[in-house]
Each structure stands twice: as structure tokens, then as C-alpha cells.
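Read-outs throughout are calculated quantities, based only on the coordinates presented, and are distinct from any laboratory measurement. Fair warning: this is a prediction, and the values are worked out from it, not measured in the lab. Counting neighbours? That spans all protein chains shown, and the Cβs are built from the backbone with ideal geometry, glycine included.
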């Protein structure tokens, strides 16, 4: 009886290890794939004052408007990053001019790098916390709330209605990440027809977040 108990306990232990390492492997793969497929725009306000937050949004509008003129619709991630890299001085100039037009003289830092982002949602599309390549624009002390979007696939250039991202933008995502990853980030996916499947996807989302916080 004792041997049987030890044997069963060992099986449970090994099975638990298998689940743990499988989950870890899944989270690592998904995290890496999403990070390699996404290029984000991150704008940080000088402070959380109403004026600084409004100024941040004005800078956002000008930057997004300019990006929309220099990025071809058929661009891939590498070309978008390359275009952004070649226009860093332009982004800085646009931000500084917008700030001065509104009566402020904050300095601006503009960089491209790999940054940690908390869980963020854009309409019904949510991205798990983790490190992503991004264009970061810091206004003044950059101590205020931030604004973000996705430059590639292009989610910055749409205005979601009632919190729903247009199908065209979702199709851009589908073309650049695999189907399981798309289900993971799309909370309105109509293919999720059962509660158990929905819960499974939510669990996987949390696994990716937990892995990225390590």
C-alpha cells in the first residue's frame, strides 16, 4: 500500500511538473511571438494635470497624423521600425512645435527600444503585459499618465466606435500573428462560443502575463 501511495504521489508530482513546464513554454513562445510582431507608440505626459494631459493628446494627434503620411499600407514591421528610426528628428520637432504652440516649453525625448508595457486594451483588443518594441515620446518630466497605441499592425489610425476595433484593423492583426494568439488578444472573437473555451483563453492570457512579470 505504501509503495502504491509513493508511486501515485510520484505520478502526480511528475504530471504537475509537466503542466508547469508546458505552461511556461507556451507563455514564452506566445510572449516572444507577440513581441516580435508588434510595434507600439508610447507617449508620456509631463504630469497628470489636466493641462498636461490635454497637451499629450495634442502631441499624439500630430504624431499619428504624420505617421499616417509616411508609412505605406503594405509595410511590414521591420519597415515600419526602419521608417520610424529614420524620422526620429521629425517626431521630436513635431512634438516640440506642438508644445510651443500651446504655450509650453517642455523638452522632449524620442527613442525606439524594447520596453515593458502593462496590460493594455484598445477597444476589444487587449495585449498582455510584457516587453514590446516601441517608439517612446517623453514630454517634460514624463511623470504623467501615458497614452499608447499600436503602430504595427496599424491600430493608431482608426477610431474605434463603442470600444470595437474595425474589422480591417483586426485583419491586419490576423495576418501578422497566428490564430491562437489572435484569439488570445481579441475579447470579441465570435469563434469563442463556449464558456469553457472562453475561460481557457483567459487562463492562457494570464499565463503570458505572469511569465512576462518574471
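So here's what we get for this one:
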quantity: Mean Cα-pair separation over length for the stretch 50-130, i.e. relative contact order, pairs under 8 Å, 6 or more apart, %; calculated: 23 percent
quantity: Two-site label geometry, residue 36 and residue 97: point separation in nm, points 7 Å out along Cα→Cβ; calculated: 3.8 nm
quantity: Pairwise FRET efficiency - residue 147 versus residue 78, Cβ, R0 = 25 Å, nearest 0.05; calculated: 0.50
quantity: Inter-site label distance for residue 66 and residue 126 at 7 Å from Cα along Cβ, in nm; calculated: 3.4 nm
quantity: Spin-label model distance (nm) - residue 174 vs residue 119, 7 Å beyond Cα toward Cβ; calculated: 2.6 nm
